[in-house]
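Below: one structure, written as structure tokens.
The values are calculated or read from the model by the stated rules, or taken from the named source; none is laboratory data. Please read all numbers here as calculations on a predicted model, not as lab measurements. Note: ideal-geometry Cβ built from the backbone for every residue, glycine included; neighbour counts use all protein chains shown.
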Amino acid sequence: IVEELWEEEFIERCFQEMLEEEEEHEWFIPARDLPQTIGQIQEQLNGLVINGNGSVEDLVSKSNLNPNAKEFVPGMKY
């Protein structure tokens with residue numbers, strides 16, 4: 001039991017150090033990097049463009065994806 005407590009404490013310290021390092025390098029700061037409201041999310045979605053020069057049909061017709069391929073399942077080996 002004592003060993004498990006030491007392991008939990010060690011993992012917690014590692015996690016805290018990782019978070020501090022991320023904040024130190026400003027890799028990802030939730031308050032800054034995540035939208036705060038549904039309105040902000042909608043603004044970001046409205047700003048996305050699939051293909052600026054053509055239509056969706058052009059994009060689909062030029063696709064090299066295999067429509068007969070098996071569905072991707074993470075962790076599954078084919």
Exercise for the section: Exactly one condition in (1) part of a helix (DSSP H, G or I); (2) at pLDDT 75 or above is not met by Asp58; state its number. Expected result: (2)
Completion exercise
Matching residues in segment 64-78 (in contact with a Lys or Arg (Cβ under 7 Å, 6 or more places away or on another chain) and at positive phi) number 0
